[in-house]
1. Could you please find all residues in the range 12-52 being assigned to a loop (DSSP other than H, G, I, E, B) and either in contact (Cβ under 8 Å) with a residue 12 or more places away in the chain or basic (Lys, Arg) (or both)?
2. If you go through the range 81-88 one residue at a time, do you hit one that is within 15 Å of VAL19 (Cβ to Cβ) and of a type outside the set (D, E, K, R)?
3. Can you pull out every residue in the range 86-123 that is surrounded by 11 or more Cβ atoms within 10 Å (Cβ to Cβ) and among the charged types (D, E, K, R)?
4. Do the conditions hold for THR33, that is, is it surrounded by 11 or more Cβ atoms within 10 Å (Cβ to Cβ), among the polar types (S, T, N, Q) and outside the structural domain of ARG9 (by TED's automatic domain parsing)?
5. Being basic (Lys, Arg) and touching a Leu at 6+ places or on another chain (Cβ under 8 Å) is the filter here; which residues of the range 56-70 pass it?
6. Would it be correct to say that ARG55 is out of contact with any strand residue (DSSP E or B) (no Cβ under 9 Å at 6 or more places or on another chain), under 30 Å from PRO34 (Cα atoms) and in contact (Cβ under 8 Å) with a residue 12 or more places away in the chain?
7. Which residue is surrounded by the fewest Cβ atoms within 10 Å (Cβ to Cβ), if the candidates are limited to the range 58-81 and must be more than 19 Å from PRO12 (Cα to Cα) and of a type outside the set (S, T, N, Q)?
8. Out of all the residues in the range 24-59, which are within 19 Å of the chain's Cα centre (by Cα) and not hydroxyl-bearing (Ser, Thr, Tyr)?
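The values are calculated or read from the model by the stated rules, or taken from the named source; none is laboratory data. Quick caveat: nothing in here was measured; it's all calculated off a predicted structure. In this analysis, Cβ positions are derived from the backbone assuming ideal geometry, glycine residues included, and neighbour counts consider all displayed protein chains.
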Amino acid sequence: MPRLLMNLRNVPEDEAEEVEGLMADHEIVHYRTPPGPFGITAGGIWLRNEADYSRARALLDDYQAARLERSRAELAQARQEGRAETWWSLARRQPVKTLVYLLLAVFILMVLFAPVLQLGRSG
């Protein structure tokens, strides 16, 4: 009976392809389901044989730990070189969009806190 190895919600395409390659390299029979048309299901990587699950899970855990370390090292390198994306760099690159988001956030906070402020005035 098939068993879900990995849900693909918020998984980058390169990671999904690398996991599929890892399973193929270790001769674990798998298949990939696409996401649903309305975003209800995210798709996944499934194992055809449930007996392969423990071996596949161990391989996936090792892969994800290595990917995490690689990503952290790349981020540290980008920060050291000044290439890392920060809030300020985003605001400088897209000032209008940043301003619109800030104004929207202030508006939402005003709407949320207006009833509380009105209660304080009526007393």
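1. The answer is HIS26, ILE28, VAL29, PRO35, ALA42, GLY43, ARG48, ASN49.
2. no
3. Within the range 86-123, LYS97 is the sole residue that qualifies.
4. Judged against the criteria, THR33 is not a match.
5. ARG57, the sole residue that qualifies.
6. Answer is yes for this residue.
7. The first filter runs over the range 58-81 and keeps only residues more than 19 Å from PRO12 (Cα to Cα), leaving 58, 76-81.
Filter once more, so that each one left must be of a type outside the set (S, T, N, Q): 58, 76, 78-79, 81.
On the way: ALA58: 10, ALA76: 11, ALA78: 12, ARG79: 12, GLU81: 8.
So the residue we want is GLU81.
8. Across the range 24-59, the qualifying residues are ARG32, PRO34, PRO35, GLY36, PHE38, GLY39, ILE40, ALA42, GLY43, GLY44, ILE45.
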